[in-house]
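The values are calculated or read from the model by the stated rules, or taken from the named source; none is laboratory data. Note that the structure is predicted; figures quoted are calculated from it, not measured. Ideal geometry is used to build each Cβ from the backbone, glycine not excepted, and the neighbour counts take in all protein chains shown.
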Amino acid sequence: MPFAVKKGKEKEKQLKITEQIALQVLAVVDQGLYAGPGHELPGQMGLEAAICFALGERKSDQPSCVTPALSRFCLDFSRGHWSSSAARAQGLRRLAIAQLGTANSLDEVLFEQHLTAATVRRLLPKAVRYLAYTCQEPHRANLLETARQCECEATKYASLKAFNAAADARAASFNRKPATCVVSAASTAHFLETPLNSLNEAFARYEGSRRAAETARWAALGAHSVCSAPATDTLLHWFAEKVVRILIEMKTPGSKFLHLTQ
């Protein structure tokens with residue numbers, strides 16, 4: 001049975017993350033995760049819905065113990081091009097635990113800064129290199145240099161250059177599908193670094209998380225079109241762990257229980 005969350009006014013209080021809760025979440029996640037809404041049954045739900053189920057909450061993609069910006073990232077990222085529901089669960093189980101207890105405690109501004117840097121300096125270069133190894137010169141050299149610049153700079157200029165280099169490779173008819181995926185990934189990453197002119201700061205952080213997850217999905221599709229399904233799982237799992245490391249450094253309550261995922 002899911003962990004019973006107290007009703008009424010007590011439910012509004014910040015949920016204290018315990019080992020029991022973490023184990024219950026893992027028990028649900030390890031039965032498999034769907035990309036979409038799914039059904040309210042273990043093995044047939046998305047990541048955030050699985051957490052809600054484990055906590056005994058109503059069906060939702062916003063667990064009460066997870067801050068909205070992080071929950072949005074996890075929701076969209078989990079819908080990436082994983083090879084199976086089992087692979088998705090295996091790749092996201094640590095992220096499922098690390099995000100617990102972040103509601104009203106995580107510095108969302110700092111988290112977005114770290115997430116943006118990881119997306120542009122770590123994820124985007126990998127996607128660009130996947131494409132580079134399918135291209136001929138001078139496009140290969142241009143793409144590899146672009147990947148290096150992204151790793152060094154993490155600026156709007158670097159992501160824009162990645163966009164242009166991938167677009168040039170696509171125009172030269174080198175593997176148009178992976179080139180199109182990298183163009184989309186670079187474009188999304190470029191806008192990720194562009195501050196939103198919004199009166200609602202919370203919405204701006206929410207949108208930033210969505211863009212980071214979208215960049216990851218495009219990067220994974222590019223890897224899939226060049227390599228194979230296992231390569232896609234490896235890339236997504238690798239980036240999920242980058243986000244987990246961010247949450248560990250930010251000392252989230254759930255990160256204390258990551259030893260349970262070993």
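Data for the structure
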{"read-out": "Residue within the stretch 28-46 that is within 20 Å of Asn104 (Cα to Cα) and not in a helix (DSSP H, G or I) present", "value": "no"}
{"read-out": "Helices (runs of 4 or more DSSP H) wholly inside the stretch 127-196 that include at least 3 residues being under 19 Å from Phe239 (Cβ atoms) and of a type in the set (A, V, I, L, M)", "value": "156-171, 176-192"}
{"read-out": "Selection from the stretch 249-262 of residues that are under 18 Å from the mean Cα position of the chain (by Cα) and surrounded by 16 or more Cβ atoms within 10 Å (Cβ to Cβ)", "value": "Met250, Thr252, Gly254, Ser255, Leu258"}
{"read-out": "Selected residue [of a type in the set (Lys, Arg), surrounded by 24 or more Cβ atoms within 10 Å (Cβ to Cβ), on the phi < 0 side of the Ramachandran plot and not in a loop (DSSP other than H, G, I, E, B)] from Arg94, Arg121", "value": "Arg94"}
{"read-out": "Given (1) assigned to a loop (DSSP other than H, G, I, E, B); (2) at pLDDT below 85; (3) not hydrophobic (A, V, I, L, M, F, W, C), index of the condition Arg205 fails", "value": "(1)"}
{"read-out": "Residue match in the stretch 15-26 (condition: of a type in the set (A, V, I, L, M, F, W, C) and under 17 Å from the mean Cα position of the chain (by Cα))", "value": "no"}
{"read-out": "Residue among Gly32, Gly8, Gly43, Gly38 that alone is on the phi > 0 side of the Ramachandran plot, modelled with pLDDT of 95 or more and of a type in the set (Gly, Ala, Ser)", "value": "Gly32"}
{"read-out": "Conditions (1) within 14 Å of His237 (Cα to Cα); (2) in contact with a helix residue (DSSP H, G or I) (Cβ under 7 Å, 6 or more places away or on another chain); number of the one not met by Ser71", "value": "(1)"}
{"read-out": "When residues of the stretch 29-47 are limited to those that are buried (at least 23 other Cβ atoms within 10 Å of the Cβ) and touching a Ser or Thr at 6+ places or on another chain (Cβ under 9 Å), the one nearest to Thr252 (Cα to Cα)", "value": "Leu47"}
{"read-out": "Single unsatisfied condition, Gln90 versus (1) modelled with pLDDT under 90; (2) closer than 26 Å to Glu249 by Cβ; (3) not acidic (Asp, Glu)", "value": "(1)"}
{"read-out": "Odd one out for Ser85 among (1) crowded, with 24+ Cβ neighbours inside 10 Å; (2) more than 24 Å from Phe111 (Cα to Cα); (3) under 18 Å from the mean Cα position of the chain (by Cα)", "value": "(1)"}
